[in-house]
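*Asks:* First the structure, which I've put down as structure tokens, then a few questions once you've had a look.
Bear in mind these aren't lab numbers, they're just calculated from the coordinates by the rules spelled out. Note that this is a predicted model, so its numbers are computed, not measured. Glycine gets a Cβ as well: all are built from the backbone with ideal geometry, and neighbour counts include every protein chain shown.
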Amino acid sequence: MPLDRVLPTLAALAVSMVLFGLFVLAVGVDPLETYALMYTGAFGSWFSWQNTLTRAAPLILTALCTALPARLGLVVIGGEGALVLGGLAAVATALALDGLPPPVVYGAMGLAGMAAGGALIGFAGALRHGRGVNETIASLLLTYIAIAVMKQLVEGPMKDPASLNKPSTAPVPDAYLVGTLPGMDVHWGLALGVLFALAAWVLMTRTTFGFAARMVGGNPRAARMAGLPVGTLLVVTCALGGAAAGLAGVMEVAAVHGRANASMVAGYGFTGILVAFLARQNPLAVIPVAILFGGIGASGGLLQRRLDLPDAAVLVLQGIIFVTLLAGEGLQGRLPSLRRAPPAARPQEA
């Protein structure tokens, strides 16, 4: 990533840390102790690292739901809805195919989840292209619709009668639950997320499809004049982003929850938006940024136990980072350039 794109991100993080330090200082907590505990909770031990990586796995995939359409100039924020539908589709598939060999069911669950997430975000892209509907508003509203559909099914036709206090679907059969990476307590969603991010980077930077997508993002009118299928590129890219978030939902039900219920609405899709923006929509940069935010989320419990801060204090930090990043984007280009101006031309002698 070019240095001129990295520096604003690092500056936004630095300013955010200062502002968050002032926030905790205002409530009577030492900022330096806060940051030390955050580091300990996120990266201070092997257990902390595994907790961080487990949280980072869905963030990588949901961030791609925003990062990929952004290559075409779209702002899609529907990763949470795609994750929920992907998880619901995976559970339905596993229950319907119970008895088949695990590799077959694994593949079917993955395809079903990716198809559900891809259909949701692809529909937002189709609305943008066909009807001129703002994709940000459309994807956000579709997210709330997806969550409502999940709750309706979980509390109705798909409800497990044994789930009394917390309505849930029937559990995924044990044979189809996803295990952990060798030597780690981190599920395979992390590996799938990294592979998906690498594939997305190759697609967007090393193929004619990615070149065409960048042309559409740079100047849609010029892309149409060049004969590019703008509508197809737009819908397909949105669908790919939705498929990534849908795969995150598959891993959440197959490796974490074991069934579909309201616990899937954990905010990974919304945090993924911030990850994508901080990574400057670069699929490769999404990976370390997702790990950073996974660590921030993993440290919340330690702050609550040691400093008596609310567990949601880390959400305040995430919000400050987002606002600071947006403010920096607004100021970029308006401030005087730091580059040395070329020497002025000498006036011609009379």
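*Asks:* If I fit a long axis through the Cα atoms of helix 135-154 and take the longest principal axis of the Cα atoms of the chain, what angle between them do I get, 0 to 90°, rounded to 10?
*Replies:* 10
*Asks:* Test of understanding: ordering 65, 238 by Cβ neighbours within 10 Å, fewest first, what list do you get? Intermediate results must be reported in sequence, preceding the final value.
*Replies:* Working: 65 35, 238 30.
Going from sparsest to densest Cβ surroundings: 238, 65.
*Asks:* Still on this model: Roughly how far apart, in whole Å, are the Cα centres of the range 68-104 and the range 271-327?
*Replies:* Distance between centres, Cα-based: 24 Å.
*Asks:* Same structure, new question: Would you please classify the overall shape of the range 278-333 from the alpha carbon gyration tensor, given that a ≥ b ≥ c denote the square roots of the eigenvalues, rounded means a/c under 1.5, and beyond that prolate means a/b larger than b/c while oblate covers the rest? Working shown, then result.
*Replies:* Working: a/c = 4.91, a/b = 1.64, b/c = 2.99.
Oblate, since a/c reaches 1.5 and b/c is not below a/b.
*Asks:* Same structure, new question: To the nearest 20 debye, what is the magnitude of the charge dipole of the range 44-151 about its Cα centre, counting +1 on the Cβ of each Lys and Arg and -1 on the Cβ of each Asp and Glu? Don't skip to the end; give the middle numbers.
*Replies:* Numbers: 5 positive and 3 negative charges, 44 e Å.
Value, rounded to 20: 220 debye.
*Asks:* I'd like the orientation of helix 3-26 relative to the chain: the angle between its Cα long axis and the longest Cα principal axis, in ° from 0 to 90, rounded to 10.
*Replies:* 70
*Asks:* Next question, about the same structure. Using the crude model of +1 on Lys and Arg Cβ and -1 on Asp and Glu Cβ, and no other charge, please compute the dipole size for the range 50-289 relative to its Cα centre, in debye to 20.
*Replies:* 860
*Asks:* Still on this model: Which order results if 40, 169 are arranged by neighbouring Cβ count within 10 Å, fewest first? The partial results should precede the final answer.
*Replies:* Numbers: 40 14, 169 25.
Starting with the residue having the fewest Cβ neighbours, the order is 40, 169.
*Asks:* Still on this structure: Report, to the nearest 10°, how far helix 230-251 tilts away from the longest principal axis of the Cα atoms in the chain, using its own Cα long axis and a range of 0 to 90°.
*Replies:* 50
*Asks:* Moving to a separate point now. May I ask you to derive the FRET efficiency for residue 214 and residue 46 from their Cβ-Cβ distance with R0 = 41 Å, giving the value to the nearest 0.05?
*Replies:* Numbers: r = 40 Å, r/R0 = 0.99.
In this case the efficiency is close to 0.50.
*Asks:* So what's the gap between the Cα centers of the range 227-260 and the range 163-186, to the nearest angstrom?
*Replies:* The range 227-260 and the range 163-186 have Cα centres separated by 21 Å.
*Asks:* Let me ask you something else. Using a ≥ b ≥ c from the Cα gyration tensor of the range 50-289 (square roots of the eigenvalues), is it rounded, prolate or oblate, where a/c under 1.5 gives rounded and otherwise the larger of a/b and b/c decides, a/b for prolate?
*Replies:* Prolate shape, in that a/c is at least 1.5 and a/b is the bigger ratio.
*Asks:* Next up: Using a/c under 1.5 as the rounded threshold, could you call the range 209-253 rounded, prolate or oblate? The axes a ≥ b ≥ c are square roots of the C-alpha gyration tensor eigenvalues, and prolate needs a/b larger than b/c, oblate otherwise.
*Replies:* On the way: a/c = 4.45, a/b = 3.59, b/c = 1.24.
Prolate, because a/c is 1.5 or more and a/b exceeds b/c.
*Asks:* Give me the net charge of residue 95's neighbourhood, meaning all other residues with Cβ under 14 Å from the Cβ of residue 95; Lys, Arg count +1, Asp, Glu -1. It would help to have the intermediate numbers written out before the result.
*Replies:* Working: positive: 159, 259; negative: 98, 160, 174.
Summing Lys/Arg as +1 and Asp/Glu as -1 gives -1.
*Asks:* How high is the FRET efficiency between residue 13 and residue 141 when r is their beta carbon distance and R₀ equals 30 Å, given to the nearest 0.05?
*Replies:* On the way: r = 31 Å, r/R0 = 1.04.
That pair, residue 13 with residue 141, gives E of 0.45.
*Asks:* If you don't mind, there's one more thing I want to ask. Among 209, 198, 170, whose Cα sits farthest toward the positive end of the charge dipole of the range 104-233 (+1 at Cβ of Lys/Arg, -1 at Cβ of Asp/Glu, about the Cα centre)?
*Replies:* Highest projection toward the positive end goes to 209.
*Asks:* If I stretch the segment between residue 315 and residue 97 completely, what's the gain in nm (0.36 nm per residue apart, minus their alpha carbon distance), one decimal?
*Replies:* Working: separation 218, 0.36 × 218 = 78.48 nm, distance 3.92 nm.
Net length gain for the segment: 74.6 nm.
*Asks:* Length gain on complete extension for the stretch residue 165 to residue 33, per 0.36 nm per residue less the alpha carbon to alpha carbon distance? The partial results should precede the final answer.
*Replies:* Details: separation 132, 0.36 × 132 = 47.52 nm, distance 3.89 nm.
Net length gain for the segment: 43.6 nm.
*Asks:* When the chain is fully extended, how far beyond the present Cα-Cα distance does residue 326 get from residue 148, taking 0.36 nm per residue of separation? Walk me through the numbers on the way to the answer.
*Replies:* Details: separation 178, 0.36 × 178 = 64.08 nm, distance 2.99 nm.
Once the chain is fully extended between residue 326 and residue 148, it gains 61.1 nm.
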